[in-house]
1. Please specify each residue of segment 33-80 satisfying the condition of being loosely packed, with under 13 Cβ neighbours inside 10 Å, more than 20 Å from Asp103 (Cα to Cα) and either at pLDDT 90 or above or not basic (Lys, Arg) (or both).
2. Restricting attention to segment 90-97, does a residue exist that is at pLDDT 85 or above and either in contact with a strand residue (DSSP E or B) (Cβ under 6 Å, 6 or more places away or on another chain) or on the phi < 0 side of the Ramachandran plot (or both)?
3. Which members of segment 41-83 meet the condition of being under 13 Å from Asp131 (Cα atoms) and among the small types (Gly, Ala, Ser)?
4. Out of curiosity, is Ser85 under 13 Å from the mean Cα position of the chain (by Cα), under 14 Å from Thr127 (Cβ atoms) and not in a strand (DSSP E or B)?
5. Name the residues in segment 64-89 that are hydrophobic (A, V, I, L, M, F, W, C) and more than 11 Å from Ile40 (Cα to Cα), would you?
6. Can you find even one residue in segment 62-73 that is part of a loop (DSSP other than H, G, I, E, B) and in contact with a Leu (Cβ under 7 Å, 6 or more places away or on another chain)?
Amino acid sequence: MLPLAGAGAALRRPATAWRIALSTLLALVLADGAQARQRIGDLQGRSHRSPVADTRVDDIAGIVTAVERDGFWMQDTGDDDPLSSDAIYVFRGPRLGKPRVGDAVRVSGQVQEFRPGGAAGAHNLSTTRIDARGSRG
């Protein structure tokens with residue numbers, strides 16, 4: 001389990017632990033053999049669809065920027081690439097607790113292209129998200 005920590009100078013012990021599950025892990029290997037952590041920009045990619053859609057990713061770090069009924073938005077400090085987004089929606093389903101805006105989180109889960117309403121078309125483009133419903137908190 002990965003704990004949620006409050007943002008700010010004084011960290012408090014979280015009441016909820018998050019674990020979010022995604023599909024095939026994509027890892028970058030550095031020259032010394034250590035693995036670099038993926039960032040949100042790596043998941044979003046430089047085009048409309050995620051380059052890692054339908055794969056599992058682990059330990060993606062970010063700060064919660066908005067909370068909705070079934071999930072939340074998070075972003076990281078960015079990758080300085082104007083063609084990639086530095087924010088992503090995390091679908092958590094109704095069973096897991098809700099983080100608060102400003103919480104630092106690490107999530108794992110299945111990267112998906114979600115189409116609201118399910119209908120394709122020029123006016124209903126997909127949104128990249130992390131599906132964490134299979135995780136237990």
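1. Within segment 33-80, Gly33, Ala34, Gln35, Ala36, Ser47, His48, Asp54, Asp80 meet the criteria.
2. Yes - at least one qualifying residue is present in segment 90-97.
3. Once the filter is applied, which keeps residues that are under 13 Å from Asp131 (Cα atoms) and among the small types (Gly, Ala, Ser), segment 41-83 yields Ala53, Gly71.
4. yes
5. Passing the criteria: Val64, Ala66, Val67, Phe72, Trp73, Leu83.
6. no
The values are calculated or read from the model by the stated rules, or taken from the named source; none is laboratory data. Quantities reported herein were computed from a predicted structural model and do not represent experimental measurements. Don't worry about glycine lacking a Cβ; one is built from the backbone with ideal geometry, like all the others, and counts go over all protein chains shown.
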